[in-house]
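As structure tokens, the structure follows; a few thoughts come after it.
The values are calculated or read from the model by the stated rules, or taken from the named source; none is laboratory data. Note that the structure is predicted; figures quoted are calculated from it, not measured. So basically every Cβ, Gly included, is an ideal-geometry build from the backbone, and we count neighbours across all protein chains shown. Calculation scope for accessible area: heavy atoms of the full protein, side chains included, ligands and nucleic acids excluded. Shrake-Rupley method; radii C 1.70, N 1.55, O 1.52, S 1.80 Å.
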Amino acid sequence: MAAEFVTAVKTSEIPTDGITAIDVRGTRVAVANVGGTYYAFADACTHEQCSLAEEGELAGTTVTCTCHGSEFDVRTGKVLAPPATLPVKVYPVRVAGDALQIEV
Ligand code: FES
């Protein structure tokens with residue numbers, strides 16, 4: 001299945017400076033709301049697969065996985081602090097009216 005933008009959730013359902021996990025066509029995606037800008041990434045820490053929506057703490061554009069302390073940049077998925085060594089996959093997002101669309 002080719003990647004395409006899918007309406008995933010209403011923007012109002014994602015709390016400011018919070019992370020919400022949603023299912024997008026069978027893929028579990030974490031969506032962070034950083035002061036009204038949305039970022040989508042795989043909802044699994046690349047260290048030992050903890051949910052970043054459930055175990056992650058968001059501070060600005062950094063999510064810290066509280067399982068063992070890995071940090072990622074939600075904009076790029078890049079690792080900012082170990083023990084994770086691999087980036088998390090990020091997904092393009094766009095806002096259409098009150099809908100958040102994610103390309104998966
Ligand atoms: S599972 Fe996230 S740091 Fe270990």
Can you tell me which residues in the range 66-75 are open to solvent by less than 80 Å² (accessible area, probe 1.4 Å) and within 12 Å of the chain's Cα centre (by Cα)?
F72, D73, V74
Any residue in the range 81-89 that is within 20 Å of T11 (Cα to Cα) and modelled with pLDDT of 95 or more?
no
Of everything in the range 12-40 that's open to solvent by 30 Å² or more (accessible area, probe 1.4 Å) and touching a residue at least 60 places away in the same chain (Cβ under 8 Å), which residue is nearest to V95 (Cα to Cα)?
Y38
For the range 29-48, what are the residues that are part of a strand (DSSP E or B), touching a strand residue (DSSP E or B) at 6+ places or on another chain (Cβ under 6 Å) and within 16 Å of the ligand (Cβ to nearest atom)?
A30, A32, F41
Residue by residue through the range 59-93, note down the ones that are touching an Asp or Glu at 6+ places or on another chain (Cβ under 8 Å) and either among the β-branched types (V, I, T) or away from the ligand (no atom under 14 Å from the Cβ) (or both).
T61, T62, V63, T64, T66, V79, Y91, P92, V93
For the range 65-91, pairs from a residue that is part of a loop (DSSP other than H, G, I, E, B) to a residue that is open to solvent by 100 Å² or more (accessible area, probe 1.4 Å) and of a type in the set (K, R), with Cβ under 8 Å and 6 or more apart or across chains, are G77/K89; P87/K78
